[in-house]
Every structure is written in C-alpha cells, then in structure tokens.
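The values are calculated or read from the model by the stated rules, or taken from the named source; none is laboratory data. Source: prediction; values computed, not measured. Every residue, glycine as well, gets a Cβ built from its backbone with ideal geometry; the counts of neighbours run over all protein chains shown. Please note that ligands, DNA and RNA were not included when accessible areas were found on the heavy atoms of the full protein model with its side chains. Shrake-Rupley method; radii C 1.70, N 1.55, O 1.52, S 1.80 Å.
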Amino acid sequence: MALKFKNLGPRTQVALCQLPLALIVIVIAVMTPFAWPSLVGSPLYLAGIAIHVILFLACFLTPWERLRRSAYLVIPILDLLAIGILRNGAAPLLSGLAILVIFPVIWLAASGMLIRTSLVLSALGPLLIMLPSLAGRFPNLTAADITSLILFPLMMLAVAFAIRFASVNMRVQQRQLQAMGEELRELLAASRERERLLTTILDATDVGIVAVDSNGDQLLANNMMRRLQQIATPADGAANEDQHLVFAHDKVTPLPPDKRPIRRAIEGESFADYLVWIGEGPQQRAVSTAARPLMDDGGRLTGAVVVFSDVTGLVEAIAANEELVSNVSHEFRSPLNSILGNIDLVLEDSEGLSDLAVQRLEVVQRNSERLLALVADLTLEASSALKVHPKRTDISGLVETSIGSAQAQAERSAVALVAHVPSPLWAYADPLRIGQALDNLVSNAIKYSPDGGTVTISAAGTETWVKLVVQDTGMGMAPEDAAKVFRRFFRAESARNAAIPGAGLGLSITKTILERHGGAIACASDLGGGSTFTMTLPVESGGRV
Ligand code: ADP
C-alpha cells in the first residue's frame, strides 16, 4: 500500500491527503440549504466553503513536482485558516465544525517535515479558531468556555504528538523491514549462486548422482544420472522405478524391487561397490552404486543420496582378462602333465642315468610341479565361480591332514609344526576348500620362515563360530604390507627382497574361499616378528561371522 502511494505523482498524493476533508465540506455544503438554511446567508460560512473548494482545486493545479517537498504543507496550514472561517461563519449553529482541524493536524504531524512548526500550528490553529466566538461573549465567559479554549488545542496537540510518534515508529519499522528485505535479497542471490555452482560441479562429474526423498521421489539429479535413467527406461517409457531395466550380475535377471539401489537406500541402507547392470542390448552398462542416507536434525531418515559410476569398461576388461588367463592356464596344463608324466617314467627307470642327470631331472620335476600348482591357482582365481559345498566338518581332522602334508616341507626348512586344536571341532565348512586354505597358510608360514622356527596351528570355537589361527616366527612383513596381502598378485617387500618365489595368488584365493563360506580371514604381522593369520568360520549353515 505504502509502495503504491509512493508511486503516485505528487499532485495525486497531495489531492488524496486533502480528499477526506474536502469530501466532508462538500457534504456539509450540499446539506446546508436543507439542514441549516439560515447559514446560506452567512458570507463568512460561504467564504469558508469556497476556500475549501479552491484549496482542493489547488492540490491538482499546483505543479508540486517543481517545488520543494515541504511546499505542499501550505495546504494543511491554509486548511486551518479555511476551517476557522467556516466554523466561525457557522457558529453558534455549527460550532462543532472546529473538530475538522483534526485533518490538517494529522497531515502536518504525519508528514515528518517542519516538525516544530507543525506541532505549534497543531495547538495554535485550534486556539485561534476558538477565540473569535469566545471573544464575542467576553467578559461573560463560563467555566466550560475556558475549559474548551484550553482543552481543544491541547487535545489537537496530543493528537499531533501521537501521530508523530506513531509515524516515527512506522518509519523505523519500515527502515528495518527494508534492511531485512535487502538482506534477504542478498541471501537469495548468494543461495542461487551456490545452487548454480553446485549444479555445474554435479554436471561436470562423470558419475550419476541422485538425491531422493523418503518415498524415492527425485529431489535432484545431475546430467550423467539423467543419461543413465534414459538407458534404464524401458522402450514403453514406464516411469516407475520398479519397472526400470536393472539387472543382476548375469545381466539378464531383473533385480527384485527390494534389491534395487534406490530402494535399498531409502530403506536406510548405506552401501558401496554394489554392482548392477542397467539397460539392454548394446546400450547395457555395468554400474557400481553407493548410497548414504539423508537425516534431519532429529536423526529421522528423510531420503538418500545414491551415486552411480559407469564401470562397464573395467568389468569388461576384467572379464576379458579372466577369460585369457583361464584359456592360457588350460592350454598349459596338458603339456605340463605330459612333462611330469614322462619325468616320472624316466625317474622310475633311472638305472642307466648318471646321478647328475637324475638330480637335474628332479629339478625339472620340482619346477614343473610348481608350474602346475601355479597354473591351478591361476585357473581358480580366474574362475569367478569358485564353488564351495559346506557341510558339518571336523576342523581338527583337516588340521591333522594339513600338518601331515606339510611335514616334508617343514623338515627341509627346519621348521617345527605344532598344533593346539580340540578334537572334534565342528564347523560348517567344505573340507576340500578349507583344507586347501589351511594348506596355503601352513605352506606360506613355512616358506616365509627361511631361517627355521615354529609354526603353530591353534583353534577355538563358540556356539556360532570357529577360529583357526596359523602363527609363525618367520620373517614377517611391514604392517602396511600385511593390510594388502589378500590382494591379487600382491607380494610383500620382505618376500621380494628375500627372493622367495611366489605369484601372490594363494591368499587372494584363500580369502575368496572363506568369504564363500560366510567366514573371514585377517592377517597381523611385524617385520622380523613373524605373522599370524586368523580364519573365522560359521558353525551353522547360513551363519555369518
Ligand atoms: P605367494 O606366497 O605365492 O607370493 P600369497 O598370496 O600366498 O602369494 O601371499 C602373498 C604375499 O603375502 C606373499 O608374497 C608374502 O609377501 C606375504 N606372506 C604371506 N604369508 C606370509 C607369512 N606367513 N609371512 C610373511 N609374509 C607372508
């Protein structure tokens, strides 16, 4: 409202301020011949009305825009004069017309200009208006006359003060509001700027990012996400997320709704490296997904942010690599078996051979056996379908077998093998695979104890899990290497420096075997202080450690 008034031209503004008074005077003028016919003959009264009309016209006709802003206060000041003439022309019949001074008094006080003059006029105007009629009755003044002579100007002065305070207050509030408005505008501009920056950053990344509310409805998505969503949308354009083309590892089985990344995320799950396939045909992409829940201040779940990274190239490269390794290993096996078979035959019938030739053939035999073991490891590693068939198995029996087969290697390396395993000790395990894992750990423990020492196998169990520990007193490795030993092809610096042969595959296979059982494996080691490998297995089917 205040803004609209400010937008009006100065003439309209002044005329609007004068309008209420002008309207009342016009109404009184129109009523005069009927209500107070005697006043038609009062020249003073008629002059008062005429001055009001002239003043109202002057509001429109004066070029206020060319004058100083305070110039228009001449109108309320002249109003005081006009009301004085009108009221004294109408007295004693309409002496109440004096109350009209309230209009110019309000105008003067609210203008905020010529403050002192306005306040003086607010009291002096009414006083001068009241004086003539009282002067006529002088000296026979009543107490009421004197009271009204003092009270009326004082009342108008009080009105002027009240309006003045109110308008000062209003102006302060207006200024505060303006400052707040300015601050809000700046905040809005800054937040728009931040939003633009965020959108630019999100669109510049080559991972799809989407934020959803707790119903799974999208709050924000970057360009890459929109591209992935297009690929995931079926040909019929179904927008429902449950109908999107999202497949499991085999690329063809649609993922059930509760296994889809966004659904898992809005259920409050936090995950990473969750691989799914989206889309069909040549467009199909492998996507590694990760999610974090969004919480409000009260810790309630309000949605989630889900990140989709396109890893198709990587997945295809790994698959090609595995296929190559698997093919090459397969091709290696037949000639190696043939070499080993023939060496066996020659060694069985070695009468005509010199000792040196037998020794050399035995070296060939050992190395061929190592090569065959390596090929077996490679084949196993390359096959992502390492199968386990767990059943109720006595772990103490497996330990015994493992110690038996490692005995010869231990003797050669001057390593003592010790076992502390309660018998029987039941776990839910595939005896073949867990035997293989145990053999791996025991043979490593001996291999990496080049100066001899002791390898201790101990075991303990609870109702839910069994722990199997292989500890050696060998060369050990730096703790940062111990954290990496389960990676494929990783070899610790200590092993490489000591030129102990190996391919860095055994432990990665061991870890896969344990994980397929729902178990786990951990390594603790110190350079020069020996190593401890701990395998944990569930006791019951479906158990997890
Ligand atoms: P490989 O023994 O054929 O190199 P593994 O996967 O069995 O492969 O082991 C990976 C690496 O872990 C080894 O190269 C070695 O550096 C380290 N390692 C494994 N077992 C031990 C151990 N008992 N003591 C010290 N280092 C070990």
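Odds and ends about this structure:
- Residues located in region 505-526, provided they are touching a residue at least 60 places away in the same chain (Cβ under 8 Å) and assigned to a helix (DSSP H, G or I): G506, L507, S508, I509, T510, T512, I513, L514, R516
- Residues that are of a type in the set (D, E) and under 18 Å from the mean Cα position of the chain (by Cα) were ranked within region 272-309; the one that is surrounded by the fewest Cβ atoms within 10 Å (Cβ to Cβ) is D297.
- Here T312 clears all of (1) more than 21 Å from G216 (Cβ to Cβ); (2) surrounded by 12 or more Cβ atoms within 10 Å (Cβ to Cβ); (3) touching a helix residue (DSSP H, G or I) at 6+ places or on another chain (Cβ under 6 Å) except the condition numbered (3).
- Among the helices (runs of 4 or more DSSP H) confined to region 372-485, there are none with at least 3 residues that are modelled with pLDDT of 95 or more and not assigned by TED's automatic domain parsing to the domain that holds C523.
- Consider region 423-453 and keep the residues that are over 51 Å from the mean Cα position of the chain (by Cα) and under 25 Å from K391 (Cβ atoms). The one that is surrounded by the most Cβ atoms within 10 Å (Cβ to Cβ) is S423.
- Pick from region 91-107, criterion at pLDDT below 90 and farther than 18 Å from L151 by Cα, ranking: surrounded by the most Cβ atoms within 10 Å (Cβ to Cβ): A91
- Check on S350, in contact with a helix residue (DSSP H, G or I) (Cβ under 6 Å, 6 or more places away or on another chain), more than 19 Å from F489 (Cα to Cα) and not in a helix (DSSP H, G or I): yes
- Residue within region 376-384 that is open to solvent by 80 Å² or more (accessible area, probe 1.4 Å) and within 12 Å of the ligand (Cβ to nearest atom) present: no
- Selection of first residues in region 429-456 that are in contact (Cβ under 8 Å) with a residue 24 or more places away in the chain and of second residues that are of a type in the set (D, E, K, R) and within 8 Å of the ligand (Cβ to nearest atom), restricted to Cβ pairs under 8 Å at least 6 apart or on distinct chains, gives the following pairs, ordered by first then second residue: A445/D472; I446/D472; Y448/D472; S449/D472; G453/D472; T454/D472; V455/D472; T456/D472.
- So L21, is it more than 19 Å from V105 (Cα to Cα) and either assigned to a helix (DSSP H, G or I) or outside the structural domain of V105 (by TED's automatic domain parsing) (or both): no
- All of G518, G506, G542 fail the test of being more than 7 Å from the ligand (Cβ to nearest atom), crowded, with 19+ Cβ neighbours inside 10 Å, under 30 Å from Y428 (Cβ atoms) and of a type in the set (G, A, S), apart from G518.
- Among the residues of region 468-493, those that are within 7 Å of the ligand (Cβ to nearest atom) and either within 30 Å of G397 (Cα to Cα) or in contact (Cβ under 8 Å) with a residue 40 or more places away in the chain (or both) comprise D472, G474, M475, G476, M477, D481, V485.
- One residue stands out among those in region 486-503 that are farther than 17 Å from I446 by Cβ and not in a loop (DSSP other than H, G, I, E, B): the one that is most open to solvent (accessible area, probe 1.4 Å), which is R496.
- Annotation note: Cβ proximity below 8 Å between a residue of region 394-418 that is hydroxyl-bearing (S, T, Y) and a residue that is part of a strand (DSSP E or B) (sequence gap 6+ or interchain) occurs for S396/A459; S402/I457.
- Scan of region 156-196 for residues that are open to solvent by 100 Å² or more (accessible area, probe 1.4 Å) and aliphatic (A, V, I, L, M), ordered by number: M170, L177, M180, L184, L187
- Test result for I83, closer than 23 Å to M113 by Cβ and assigned by TED's automatic domain parsing to the domain that holds V120: yes
- The residues of region 235-256 that are open to solvent by less than 50 Å² (accessible area, probe 1.4 Å) and touching a helix residue (DSSP H, G or I) at 6+ places or on another chain (Cβ under 9 Å), listed by number, are H244, L245, V246, A248, L255.
- Qualifying residue in region 213-222 (condition: closer than 26 Å to V311 by Cβ and touching a residue at least 40 places away in the same chain (Cβ under 8 Å)): yes
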